[in-house]
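In what follows, a single structure is set out as structure tokens and then discussed.
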């Protein structure tokens, strides 16, 4: 997906979020560090353009909630967890991530959210669903479904981090058969 295709996809996803919530009342977006935060900001801007109300946006760093933390290394790099000012209690929280794969990142994000309160509802929103679940967790809002083969990976690029926006399917030389 090039920049324009990504933008069109985010516009559609923003509409779908508002439709699922029946408006913007009680809605907050929480992006998973790293690129999920930028995507959440973009979705909030799209919602504001369409609805005239910008939902609060926060960020989650799930590093310490990962079930493979011992494999990450002795000194994992931590990002910021910053919840919306309204908190999470009795709010509709949309967890935003770039790619859905095994389901473990989403599980870690829900575990972390639970430590801060009890949302009335949680939606999972991803730009790309590449399949390959290891846990029974499915995104509620998906930008694009991609078939990804062994030896391939999905890279989501956002201009704030990568200098350009898009989605690429790339060959991972460490996993080629």
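The values are calculated or read from the model by the stated rules, or taken from the named source; none is laboratory data. Since the model is a prediction, treat every value here as computed from it, not as a measurement. Here Cβ is always computed from backbone atoms with ideal geometry, including for glycine, and neighbour counts include all displayed protein chains.
The table for this structure:
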{"read-out": "Residue check, residue 75 farther than 20 Å from residue 44 by Cβ, at pLDDT 95 or above and outside any strand (DSSP E or B)", "value": "no"}
{"read-out": "Residue in segment 141-171 that is farthest from residue 99 (Cα to Cα), counting only those that are surrounded by 15 or more Cβ atoms within 10 Å (Cβ to Cβ) and in contact with a helix residue (DSSP H, G or I) (Cβ under 7 Å, 6 or more places away or on another chain)", "value": "165"}
{"read-out": "Matching entry among 136, 119 (being out of contact with any helix residue (DSSP H, G or I) (no Cβ under 9 Å at 6 or more places or on another chain), under 22 Å from residue 20 (Cβ atoms) and part of a loop (DSSP other than H, G, I, E, B))", "value": "136"}
{"read-out": "Any hit, segment 43-57, residues being surrounded by 16 or more Cβ atoms within 10 Å (Cβ to Cβ), in contact (Cβ under 8 Å) with a residue 40 or more places away in the chain and either farther than 27 Å from residue 145 by Cβ or under 15 Å from the mean Cα position of the chain (by Cα) (or both)", "value": "yes"}
{"read-out": "Among the candidates 160, 90, residue that is at positive phi and either in a helix (DSSP H, G or I) or at pLDDT 95 or above (or both)", "value": "90"}
{"read-out": "Given (1) in contact (Cβ under 8 Å) with a residue 60 or more places away in the chain; (2) touching a strand residue (DSSP E or B) at 6+ places or on another chain (Cβ under 7 Å); (3) within 22 Å of residue 57 (Cα to Cα), number of the condition residue 124 does not satisfy", "value": "(1)"}
{"read-out": "Number of positions in segment 1-57 that are touching a helix residue (DSSP H, G or I) at 6+ places or on another chain (Cβ under 6 Å), closer than 24 Å to residue 154 by Cα and assigned to a strand (DSSP E or B)", "value": "3"}
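Okay, residues lined up against (1) touching a residue at least 40 places away in the same chain (Cβ under 8 Å); (2) buried (at least 21 other Cβ atoms within 10 Å of the Cβ):
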site	(1), (2)
2	yes, no
19	no, no
25	no, no
30	yes, yes
59	no, yes
65	yes, no
82	no, no
88	yes, yes
104	no, no
